[in-house]
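Peer 1: Questions regarding the structure given below will be posed in turn.
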Amino acid sequence: MPRTRFYGSLSSPKVDLFVDLGNPFLNLTVDGFLKIGTVAVAKAAAEETYYIVKRGSVSHHKFEQSLKKMCKEGAYWGTVAGVYVGMEYGVERIRGVRDWKNAMIGGALTGALISAAGNRNKDKIVMDAIAGGAIATAAEFINHFT
């Protein structure tokens, strides 16, 4: 029986923006904010486009709501990413070691900080810290093994 093979590769375009603020901590924090904020804006734009196509029309009011949602999502997720990158860098500088534990501690601190900013429930803050640490650690391990 004949076999068919398909070989190929897929690569995405790489766009890199670097803002030099004169401090590595600030550079990394702003870089994380911009990159993840942009991803969040793109996600919100795709969702809003779907809803516009589904409705079949767009009004001025709905368009403004869509823009506000895109900005809000970008600012929120950009802030979370910026805080995380800054925390991880700070932990690395304090510990003097570059390993997965920095991601875990940075993620836990970020989860707790973001949760505490909008929440007074101590159990929820602890759970968000655990989730942040777990997600950051898992992402670090996945990055390391791929």
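The values are calculated or read from the model by the stated rules, or taken from the named source; none is laboratory data. A quick note: this is a predicted structure, and the numbers were derived from the prediction, not measured. Note that each Cβ is placed from the backbone with ideal geometry, even for glycine, and that neighbours are counted across all protein chains shown.
Peer 1: Assess whether residue 87 counts as being in the same structural domain as residue 134 (by TED's automatic domain parsing) and in contact with a helix residue (DSSP H, G or I) (Cβ under 9 Å, 6 or more places away or on another chain). Before you say what the answer is, go through the steps one by one.
Peer 2: Working: in the same structural domain as residue 134 (by TED's automatic domain parsing): no; in contact with a helix residue (DSSP H, G or I) (Cβ under 9 Å, 6 or more places away or on another chain): yes.
Answer is no for this residue.
Peer 1: Looking at 22, 8, can you tell me which residue is modelled with pLDDT of 85 or more, part of a loop (DSSP other than H, G, I, E, B) and either over 25 Å from residue 118 (Cα atoms) or of a type in the set (D, E, K, R) (or both)?
Peer 2: Exactly one residue qualifies, and that residue is 22.
Peer 1: If you take the residues of region 102-124 that are part of a helix (DSSP H, G or I) and over 19 Å from the mean Cα position of the chain (by Cα), which of them is surrounded by the fewest Cβ atoms within 10 Å (Cβ to Cβ)?
Peer 2: The qualifying residue surrounded by the fewest Cβ atoms within 10 Å (Cβ to Cβ) is 123.
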